[in-house]
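Visitor: The structure follows.
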Amino acid sequence: MLPVPDSRSIFVSQKNTFHRYLAIEHYFSDDLLKKNHIYGDHLPGGSEVFEIGANKINFANQVESFDVGEFENFKYLFVKIKDLLLACDSNRNN
């Protein structure tokens with residue numbers, strides 16, 4: 001499961017793991033997702049949560065041109081990976 005940036009907290013439910021709609025593309029800003037035609041439909045009932053559209057390949061091909069600030073939310077993912085690796089290393093040394 002992906003770490004959740006504060007700006008996307010409504011995309012997950014802490015109580016029900018089946019109600020998690022966070023995809024890695026949600027780490028990018030809404031504006032960027034809209035500009036690249038990947039901002040999908042909102043969930044029913046007036047939810048602010050939205051799906052990621054089917055244009056992922058084209059989106060991925062554009063990543064190198066994105067402003068560096070668009071990658072800010074990825075720090076949560078890299079911190080999580082680092083913590084997991086440190087925990088594995090610690091367990092191996094014990």
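Visitor: Can you find, among PHE50, SER29, TYR76, the residue sitting farthest towards the positive end of the charge dipole of the chain, where Lys and Arg contribute +1 and Asp and Glu -1 at Cβ?
Guide: Checking the options against the dipole of the chain, the answer is TYR76.
Visitor: Per residue Cα convex hull volume for segment 6-92, in cubic angstrom?
Guide: Dividing the Cα hull volume of segment 6-92 by its residues yields 142 Å³.
Visitor: Give me the dipole magnitude in Debye, nearest 20, for the chain about the Cα centre, with unit charges on the beta carbon: positive for Lys and Arg, negative for Asp and Glu.
Guide: Charge dipole of the chain: 400 debye, to the nearest 20.
Visitor: Kindly provide the GluC sites (Glu not before Pro) of segment 45-94 that DSSP labels as loop, not H, G, I, E or B, and whose Cβ sees at most 16 other Cβ atoms within 10 Å.
Guide: Details: sites: GLU48, GLU51, GLU64, GLU70, GLU72; in loops: GLU48, GLU72.
Listed in order of number, the matching sites are GLU48, GLU72.
Visitor: Next up: Find how much the distance from ASN58 to ARG92 grows on full extension, using 0.36 nm per residue of separation minus their present alpha carbon separation; answer in nm with one decimal.
Guide: In short, 8.1 nm is gained.
Visitor: Separate question: In nm, to one decimal, how far is the LEU43 label point from the LYS82 one, both placed 7 Å along Cα→Cβ?
Guide: Each label point is offset 7 Å from its Cα along the Cβ direction, giving 3.1 nm.
Visitor: Using a Gaussian network model of the chain with C-alpha springs under 10 Å, which one of LEU43, LEU77, LEU33 is most mobile by mean-square fluctuation?
Guide: LEU43
Visitor: Defining a contact as two alpha carbons under 8 Å apart and six or more residues distant in sequence, what relative contact order in percent does segment 6-92 show?
Guide: Contact order relative to length: 21 percent.
Visitor: Considering the chain as a Gaussian network with a 10 Å cut-off on Cα pairs, which listed residue, TYR27, TYR39, TYR76, attains the greatest mean-square fluctuation?
Guide: Its mean-square fluctuation being the largest, the pick is TYR76.
Visitor: Only Cα pairs within less than 10 Å get springs; with that Gaussian network setup on the chain, which residue of ASP30, ASP67, ASP41 has the largest fluctuation?
Guide: Maximum fluctuation in the GNM of the chain, among the listed residues, is at ASP67.
Throughout, read-outs are computed from the coordinates displayed, never taken from laboratory work. Being a predicted model, the structure only gives us computed values, none of them experimental. FYI the Cβ positions are ideal-geometry reconstructions off the backbone, even for glycines, and counts take in every protein chain you see.
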